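Worksheet for the structure shown next.
The values are calculated or read from the model by the stated rules, or taken from the named source; none is laboratory data. Small disclaimer: the values here were computed from a predicted structure and weren't measured. Note that we place each Cβ from the backbone using ideal geometry, even for glycine, and neighbour counts take in every protein chain shown.
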Amino acid sequence: MIDKLVLFKFIKFCAVGFSGMVIDFSITWILKEKFRINKYIANSTGFILAATSNYFINHFWTFESNNNRIFVEYITFIIISIFGLAINNFLIFIFSDKMKYNFYLSKLFAIAITTVWNFVMNLFFTFV
């Protein structure tokens, strides 16, 4: 059975993730549609900017971290996010390019799957 505290943190993590998703989709859309930047570069930029925002909110609110080595914690979070980004881009490639789903629907699927990865990894490695 899932610990209630972990479940509560996951819910908070998802709320933070939703704010990150708004940042991610906005940046991705602006870069891809308005500036005609490659969809993977636009996606990666949106993802990294959202991950940075998410780190700070998760540090203070979700995990209430007292770690005074904030730079190390941030780098760990970003490394996990970069692995999440690789998963994210791979899933977009599969859903969008191979299965021919709409790019933004594919991105939504990829975010849902990547959220689980990011939460578990950050729970056990970043905010310990």
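Have a look at Val22, Val6, Val72, Val16 and point out the one that is out of contact with any His (no Cβ under 6 Å at 6 or more places or on another chain), assigned to a helix (DSSP H, G or I) and over 18 Å from Thr114 (Cα atoms). Every option except Val72 fails the conditions. Take Ala112 and tell me if it is among the aliphatic types (A, V, I, L, M) and closer than 20 Å to Trp29 by Cβ. Spelling it out, Ala112 is indeed among the aliphatic types (A, V, I, L, M) and closer than 20 Å to Trp29 by Cβ. Only one entry of Thr45, Thr62 meets the criterion of being closer than 28 Å to Leu7 by Cβ and of a type outside the set (A, V, I, L, M, F, W, C), and that entry is Thr62.
Every condition in (1) modelled with pLDDT under 95; (2) more than 29 Å from Ile2 (Cβ to Cβ) holds for Phe35 except the one numbered (1). Which one is surrounded by the most Cβ atoms within 10 Å (Cβ to Cβ) among residues in region 78-122 that are within 22 Å of Phe10 (Cα to Cα), over 10 Å from the mean Cα position of the chain (by Cα) and touching a residue at least 40 places away in the same chain (Cβ under 8 Å)? Of everything passing the filter in region 78-122, Lys107 is surrounded by the most Cβ atoms within 10 Å (Cβ to Cβ). Looking across region 31-47, the residues that are part of a helix (DSSP H, G or I) and surrounded by fewer than 16 Cβ atoms within 10 Å (Cβ to Cβ) come down to Glu33, Lys34, Tyr40, Ile41.
For Arg69, the stated conditions do not hold, so it cannot be described as of a type outside the set (Gly, Ala, Ser), at positive phi and loosely packed, with under 15 Cβ neighbours inside 10 Å.
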